[in-house]
Amino acid sequence: MPRVNRLKTDRPPPQQRVQPVQARSRQKIDAILDATAGLLREHGVEAVTILAIAARAGVPPATVYHYFENRLAIFAALAKRIMDAVDAELLAVLAEKLEAAAPDFRTILQGLFDAYAQAPGYVPVLGAMRAEPALQALVRESNQRSAVFIAGLLQHRTRLPPERAQRIAWIISEECETVLQEALTSLPDQARALLDEKAEMVEVLFRHYARP
């Protein structure tokens, strides 16, 4: 099953050259990212160039280069924008589940899948994330945020010591991310089957560790 390469790398994700301070600068960056998302959705990664992004965003190529070193940095910014938004929704859901009788992981995974599938440009940029080690750092950061809340769920419902709960939560987060990425590039029936299987596995784990 293809997945993001998990070889560790010290390479950080590409950064924007200039961080926006004024609203006008933020609008330009949003226009660049929106243009990139549209091009990715319509034409795929290989067809996206700085010139094409600039033309679609309605800015000179020099403006794109003012904020981003290359298209990889733009992909990183787009992926981060999408992942941060989806993570915020996920963490809100997980916080609610702390008080639920039993976490509904099918609903959680399906919600994540829908959010990523509907985010313009995210599925095509997965190809770049799988091939480029620097972009994998963004995935690890997202997984770590999720793992913190999953560890909280485990500690709330089990007698696991914090260190072990954190370790198990990290494994769950990494595996769920792998399944989500595979589901996003699969046919609908296969995607649904993958999500159902993973949700059942996580629920079995929770029941196992919740035993007295």
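The values are calculated or read from the model by the stated rules, or taken from the named source; none is laboratory data. The model shown is predicted, which means the values in this text are computed figures rather than measured ones. Every residue, glycine as well, gets a Cβ built from its backbone with ideal geometry; the counts of neighbours run over all protein chains shown.
Please pick out the residue among 34, 84 that is of a type outside the set (Lys, Arg), under 21 Å from residue 133 (Cα atoms) and at pLDDT 85 or above.
Being of a type outside the set (Lys, Arg), under 21 Å from residue 133 (Cα atoms) and at pLDDT 85 or above holds for just one of 34, 84, which is 84.
What number goes with the only condition from (1) assigned to a helix (DSSP H, G or I); (2) closer than 30 Å to residue 37 by Cα; (3) modelled with pLDDT of 90 or more; (4) not basic (Lys, Arg) that residue 138 does not pass?
(3)
If you take the residues of segment 110-124 that are closer than 14 Å to residue 93 by Cβ and free of Cβ contacts under 8 Å to residues at least 60 places away in the same chain, which of them is surrounded by the most Cβ atoms within 10 Å (Cβ to Cβ)? Before you say what the answer is, go through the steps one by one.
The initial filter retains those residues of segment 110-124 that are closer than 14 Å to residue 93 by Cβ, namely 110-115.
With free of Cβ contacts under 8 Å to residues at least 60 places away in the same chain added as a condition, the list becomes 111, 114-115.
Details: 111: 15, 114: 11, 115: 18.
Restricting to residues being closer than 14 Å to residue 93 by Cβ and free of Cβ contacts under 8 Å to residues at least 60 places away in the same chain, the top hit is 115.
Restricting attention to segment 160-171, which residues are touching a residue at least 24 places away in the same chain (Cβ under 8 Å) and either among the aromatic types (Phe, Trp, Tyr) or not in a helix (DSSP H, G or I) (or both)?
If the condition is that a residue be touching a residue at least 24 places away in the same chain (Cβ under 8 Å) and either among the aromatic types (Phe, Trp, Tyr) or not in a helix (DSSP H, G or I) (or both), then 160, 170 are the ones that fit.
Count, please, the residues in segment 40-56 that happen to be aliphatic (A, V, I, L, M), closer than 21 Å to residue 123 by Cβ and free of Cβ contacts under 8 Å to residues at least 40 places away in the same chain.
The qualifying residues number 4.
Residues are listed down the side, and each one gets a yes or a no for (1) closer than 19 Å to residue 106 by Cβ; (2) part of a helix (DSSP H, G or I); (3) in contact (Cβ under 8 Å) with a residue 12 or more places away in the chain:
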residue: 151; (1), (2), (3): no, yes, yes
residue: 155; (1), (2), (3): no, yes, no
residue: 173; (1), (2), (3): yes, yes, yes
residue: 176; (1), (2), (3): yes, yes, yes
residue: 192; (1), (2), (3): yes, yes, no
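Consider segment 152-165. How many of its residues are modelled with pLDDT of 90 or more and either acidic (Asp, Glu) or surrounded by 18 or more Cβ atoms within 10 Å (Cβ to Cβ) (or both)?
Selection size over segment 152-165: 2.
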